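Here is the structure we will look at, set down as structure tokens.
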Amino acid sequence: MANTKTPQPGLAKRESAPADPDLWIRMYQQMVQIRLFEEQVNDLYKTARMPGLAHLYSGEEAVAVGVCNALRRDDYITSTHRGHGHCLAKGASLDRMFAELLGKAPGYCRGKGGSMHIADQDTGNLGANAIVGGSAGIATGAAMSAKMRGADQVTVCFFGDGALGQGVLYEVMNMASLWKLPVIYVCENNLYNEYTHYTETTAGELTARAKAFGIHAETVDGQDVRGVYEEARQAVNRARQGEGPTFLLCDTYRYYGHHVGDIQRTYYRAKEEEDFWRTERDPIKLLAGWLVEQQVSDTVTLDQMMADVRAEVAAAVEFALAAPFPDVSEVDQHVYA
Amino acid sequence: MSTPSATLSQTDAHAVREITLAQAVREALAEEMRRDPTVFIIGEDVAEAGTPFKVLSGLVEEFGPTRIIDSPISEPGITGLGVGAAMTGMRPVIDIMFGDFIGLIMDQLANQAAKVHYMSGGKLNVPMVVRTTLGATRRSAAQHSQSLHAWVSHIPGLQVVLPSTPYDAKGLYKTAIRDNNPVIVFEDKMMYQLKGSVPEGEYTIPFGVAGIKRQGTDITIVATSSMVQVALTAAENLEQIGISAEVVDPRTMFPLDKATLIESAKKTSRAIVVDEGYERYGVTAELAAVIAEGAFYYLDAPVKRMGAMDVPVPFSPVLEDQTVPTPAALTELAKTLCGRA
Ligand SMILES: Cc1ncc(C[n+]2csc(CCOP(=O)(O)OP(=O)(O)O)c2C)c(N)n1
Ligand SMILES: [Mg+2]
């Protein structure tokens with residue numbers, strides 16, 4: 001059985017006071033944006049205003065935000081079925097995201113993709129993917145392309161602990177290491193493959209899998225956006241300088257069910273565990289506490305920011321609800337380029 | 001292989017209950033596991049979770065985690081394990097959560113499972129069942145909505161089963177598990193709550209025997225899986241205007257009950273084939289060709305086909321609903337074919 005570390009409450013000590021206070025404030029805002037976006041998605045589902053299901057990212061915000069802030073706009077990401085946070089952190093706009101989730105014409109994919117398939121070329125988002133591990137090849141191929149084109153773009157491949165079961169990941173990690181491709185494999189270990197704890201499906205030390213290919217691997221507290229950002233920054237530097245891939249294991253947790261319909265969860269995880277992560281390990285609370293402690297901001301200002309984001313999210317939902325559906329004639333458009 | 005002439009054996013035909021298709025699948029698997037200790041189930045979240053559609057709920061409580069095995073998310077791996085276990089005395093049931101994922105296991109199916117018996121000169125068998133899904137309109141988008149049963153129907157050595165009622169599901173599953181060849185069963189994920197009569201007692205349904213779901217004289221509608229209900233609704237519409245439609249469900253893509261399809265078309269002189277797979281190069285093309293070849297001199301009109309639109313399944317409900325055959329569209333096509341449009 002793989003190792004199960006007991007998560008610790010609070011933040012690990014980190015030396016430096018913030019180099020750029022604005023950066024931390026921006027990350028706070030982005031994490032809040034993702035959190036409130038997802039709460040709204042859950043509400044749309046519960047009030048039967050959203051078709052289908054969605055996999056919420058709440059609780060994992062520090063991973064997407066920490067990693068994407070280390071990237072340039074023209075760097076690439078690939079995302080997963082739990083992808084809203086990645087898309088937003090890479091720069092997607094709230095209104096077009098909601099529109100896509102509702103299957104509306106102004107959505108990022110004109111309603112063709114939905115929650116699990118949001119792609120946005122303008123922000124370097126090569127697409128969320130509903131096949132577990134399905135984007136490992138795409139991400140590594142994008143990194144290979146950057147190298148062949150002589151561009152210094154970096155690609156981040158986000159995936160969950162469950163994707164460690166997919167063979168294609170190991171085929172492409174081998175090639176990425178052989179050919180020193182500028183790709184970062186970001187494994188979001190939220191402890192569960194759907195309804196099964198990862199220790200029941202994943203043998204050995206997780207980072208050892210990457211190390212076996214000679215890939216630089218790090219483990220980071222995925223609830224500490226400062227730590228995630230720092231590790232991602234180093235990985236991006238290595239990739240841009242032609243030093244090859246990195247594997248970044250982020251320990252994190254999802255607050256809601258596997259998808260919005262997964263309400264009864266006690267058969268696979270304890271209420272106490274959920275409560276612990278929400279109260280002691282919440283990435284937004286942790287960053288807020290640190291910002292106040294470092295006197296970068298104060299609670300009044302942070303609360304105001306949250307209220308502002310809440311208003312933005314509400315306006316974006318209104319936009320999406322009012323937006324038209326695509327014309328039915330679009331159904332057979334875009335099958336071929 | 002089971003012989004198409006076998007009849008249903010019902011020990012207690014009187015005690016009939018209404019159960020859902022999901023319950024019927026579960027019952028069949030549970031009964032076979034009680035009967036035969038070599039049967040086991042492996043797949044993602046099959047144990048405590050009982051699969052995302054809850055089809056296998058309760059099985060791990062009865063059979064334990066050594067026979068209801070939660071696997072990593074490793075579809076090619078578990079299918080490969082299944083082939084090996086089947087070759088060496090076990091009867092694995094491989095659970096592939098969505099039919100769209102058969103792309104991942106295609107080598108294990110097409111190059112391994114399908115060929116072992118033949119390549120070994122008949123010495124080795126692969127008594128393995130793969131259970132998976134088909135069907136759109138769940139708003140699940142392009143990678144979770146396809147009906148890909150044509151892919152495996154193309155491969156000699158594989159048998160392909162598409163139950164359309166709880167009764168058929170139970171009887172066909174029992175045959176699948178007892179069969180000595182690899183079998184892939186596609187369940188329509190929109191049909192799990194469909195209720196139907198199922199006898200308490202033991203019965204099996206042989207492969208290669210079509211089910212006549214409705215008798216008729218004017219037109220034959222050959223329908224598979226999810227499309228059987230669509231065809232039955234269309235048949236009711238047609239009856240209102242005096243057209244008597246016969247609905248025939250082949251139940252297994254291979255072995256295929258060509259005779260029943262051809263006889264029905266000969267009797268009615270018109271035929272439509274409807275299936276939820278992509279229309280082009282699909283199941284409808286094969287079945288239409290069988291009817292055209294076998295009933296040519298009896299037909300009053302060309303055999304017509306209706307499949308899913310040849311596009312990736314879109315997410316937006318307004319678009320997705322365009323892509324699958326509906327009772328209304330089928331009714332219209334039937335009317336046209338009968339000169340009543
Ligand atoms: C190849 C494949 N197998 C199975 C599934 C069904 N499925 C969707 S999400 C999921 C669990 C994924 O777990 P993980 O990668 O840890 O991501 P998380 O949901 O925890 O973010 C499964 C099994 C799938 N989408 N693709
Ligand atoms: Mg996970």
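Summary of computed values
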{"item": "Pick from the range A:291-331, criterion among the acidic types (Asp, Glu) and in a helix (DSSP H, G or I), ranking: nearest to the other protein chains (Cβ to nearest Cβ)", "result": "A:330"}
{"item": "Cβ-Cβ under 8 Å pairs, at least 6 apart or on other chains, the range B:255-280 side touching a residue at least 12 places away in the same chain (Cβ under 8 Å), far side among the aromatic types (Phe, Trp, Tyr) and buried (at least 21 other Cβ atoms within 10 Å of the Cβ)", "result": "B:255/B:207"}
{"item": "Test for residue A:243: is it at pLDDT 95 or above, in a loop (DSSP other than H, G, I, E, B), acidic (Asp, Glu) and away from ligand 2 (no atom under 16 Å from the Cβ)", "result": "yes"}
{"item": "Residues located in the range A:184-198, provided they are more than 10 Å from ligand 2 (Cβ to nearest atom) and either modelled with pLDDT under 95 or open to solvent by less than 20 Å² (accessible area, probe 1.4 Å) (or both)", "result": "A:184, A:185, A:186"}
{"item": "Some residue of the range A:116-130 being more than 21 Å from residue A:41 (Cα to Cα), open to solvent by 20 Å² or more (accessible area, probe 1.4 Å) and within 14 Å of another protein chain (Cβ to nearest Cβ)", "result": "no"}
{"item": "Checklist (1) surrounded by 21 or more Cβ atoms within 10 Å (Cβ to Cβ); (2) within 14 Å of chain B (Cβ to nearest Cβ) applied to residue A:168, failing item", "result": "(1)"}
{"item": "Conditions (1) away from chain B (no Cβ under 14 Å); (2) surrounded by fewer than 24 Cβ atoms within 10 Å (Cβ to Cβ); (3) under 18 Å from residue A:84 (Cα atoms): number failed by residue A:146", "result": "(3)"}
{"item": "Selection within the range B:291-311 - within 14 Å of chain A (Cβ to nearest Cβ) and over 21 Å from the mean Cα position of the chain (by Cα)", "result": "B:311"}
{"item": "Elements of type strands (runs of 3 or more DSSP E) contained in the range B:207-320, each with 3 or more residues being open to solvent by less than 10 Å² (accessible area, probe 1.4 Å)", "result": "B:219-223, B:245-249, B:271-278"}
{"item": "Positions within the range A:191-211 being more than 14 Å from every other protein chain (Cβ to nearest Cβ) and polar (S, T, N, Q), in sequence order", "result": "A:207"}
{"item": "Residue within the range A:221-236 that is crowded, with 20+ Cβ neighbours inside 10 Å, modelled with pLDDT of 95 or more, assigned to a helix (DSSP H, G or I) and within 15 Å of ligand 1 (Cβ to nearest atom) present", "result": "no"}
{"item": "Pick from the range A:74-98, criterion away from ligand 1 (no atom under 14 Å from the Cβ) and part of a loop (DSSP other than H, G, I, E, B), ranking: most open to solvent (accessible area, probe 1.4 Å)", "result": "A:74"}
{"item": "Of residues in the range B:91-109 being closer than 16 Å to residue B:131 by Cβ and either of a type in the set (D, E, K, R) or open to solvent by 10 Å² or more (accessible area, probe 1.4 Å) (or both), the one farthest from ligand 2 (Cβ to nearest atom)", "result": "B:91"}
{"item": "Output for the range A:35-68, where each listed residue is in contact with a helix residue (DSSP H, G or I) (Cβ under 9 Å, 6 or more places away or on another chain) and not in a helix (DSSP H, G or I)", "result": "A:49, A:50, A:51, A:52, A:53, A:54, A:55, A:56, A:57, A:58, A:59, A:60"}
{"item": "Test set (1) open to solvent by 10 Å² or more (accessible area, probe 1.4 Å); (2) within 14 Å of chain B (Cβ to nearest Cβ) - residue A:111 fails condition number", "result": "(1)"}
{"item": "The one condition in (1) away from ligand 2 (no atom under 16 Å from the Cβ); (2) closer than 30 Å to residue B:51 by Cα that residue A:201 fails to fulfil", "result": "(1)"}
{"item": "Test: residue in the range A:100-118 that is basic (Lys, Arg) and within 16 Å of ligand 1 (Cβ to nearest atom)", "result": "no"}
{"item": "Unmet requirement for residue A:181, which otherwise passes all of (1) crowded, with 21+ Cβ neighbours inside 10 Å; (2) within 15 Å of ligand 1 (Cβ to nearest atom); (3) not polar (S, T, N, Q)", "result": "(2)"}
{"item": "Subset of the range B:59-86 (residues that are open to solvent by 20 Å² or more (accessible area, probe 1.4 Å), within 12 Å of another protein chain (Cβ to nearest Cβ) and in a loop (DSSP other than H, G, I, E, B))", "result": "B:65, B:72, B:73, B:74"}
{"item": "Test: residue in the range A:152-159 that is within 14 Å of the chain's Cα centre (by Cα), within 22 Å of residue A:197 (Cα to Cα) and within 14 Å of another protein chain (Cβ to nearest Cβ)", "result": "yes"}
{"item": "Condition broken by residue A:181, with the remaining ones in (1) assigned to a helix (DSSP H, G or I); (2) away from ligand 2 (no atom under 15 Å from the Cβ) satisfied", "result": "(1)"}
{"item": "Failed item, numbered, when residue B:155 is tested on (1) assigned to a loop (DSSP other than H, G, I, E, B); (2) more than 14 Å from chain A (Cβ to nearest Cβ); (3) surrounded by 24 or more Cβ atoms within 10 Å (Cβ to Cβ)", "result": "(3)"}
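The values are calculated or read from the model by the stated rules, or taken from the named source; none is laboratory data. As the structure is a computational prediction, the values presented were derived from the model and not from experiment. Cβ coordinates were reconstructed from backbone atoms using ideal geometry, including for glycine residues, and neighbour counts include every protein chain displayed. These area figures cover heavy atoms from the full protein model, side chains too; ligands, DNA and RNA do not enter into them. Shrake-Rupley method; radii C 1.70, N 1.55, O 1.52, S 1.80 Å.
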